[in-house]
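The values are calculated or read from the model by the stated rules, or taken from the named source; none is laboratory data. Since the structure is predicted, the reported quantities are computational estimates derived from the model, not experimental observations. Here the Cβ positions follow ideal geometry from the backbone for every residue, glycine too, while neighbour counts run over all protein chains shown.
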Amino acid sequence: MRPLRKDKDEGDPIVQKISGDSLSINGRTFTFDSVADVEATQLDIFEHVGVPLVENRLAGFNSSVFAYGQTGSGKTYTMWGPANSLAEENVAKEQQGLTPRVFERLFARIKEEQTKHSDQQLNYQCNCSFLEIYNEQVTDLLDPSQRNLQVEPK
């Protein structure tokens, strides 16, 4: 959970972080796995979410990130960084979102493991999906022509 920065800028916060795992909205308390405040940087989010995700993945566990919120709440910024970061290669490192940081760390860690175990034949296979759920329609963001996908539980 990451509160809107706009609340801070306007000086009248609706959402207040109470502790590392809870926040208050209009006097009601909600508990989450973790809560970041408006001061949390992209690096803070990566260290708290991305690093464990990569390490767990390398340990053999499936990993996923689910960004949820209303339009304009910062999902794309948190996941990718500033809007221009998708088109430009030279986005400042501190502005990079979770996704480019996770991929950078994942491939660096794979290289480390292969170097550390150079006497063995280590092979890694990486698969990923980027799905958007909007107005109850699922779109494959890696192939936007694939709209209104049917998702079957396995």
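A few notes on this one:
- Any chance Y134 is out of contact with any helix residue (DSSP H, G or I) (no Cβ under 6 Å at 6 or more places or on another chain) and aromatic (F, W, Y): yes
- For the range 93-138, filtered to residues that are in a helix (DSSP H, G or I) and polar (S, T, N, Q), the residue that is farthest from M79 (Cα to Cα) is T115.
- Selected residue (only one of D44, D7, D21 is modelled with pLDDT under 85 and acidic (D, E)): D7
- Taking the criterion of being surrounded by fewer than 11 Cβ atoms within 10 Å (Cβ to Cβ) and of a type in the set (D, E, K, R), the residues of the range 110-154 that qualify are K116, D119, E136, D143, E152, K154.
- Boolean, T99 is touching a Phe, Trp or Tyr at 6+ places or on another chain (Cβ under 6 Å) and surrounded by 13 or more Cβ atoms within 10 Å (Cβ to Cβ): yes
- Hits in the range 87-143 - residues which are in contact (Cβ under 8 Å) with a residue 40 or more places away in the chain and either of a type in the set (D, E, K, R) or outside the structural domain of N56 (by TED's automatic domain parsing) (or both): E94, R101, R105, R109, E113
- Selection status of F46, within 15 Å of the chain's Cα centre (by Cα) and not assigned by TED's automatic domain parsing to the domain that holds V15: yes
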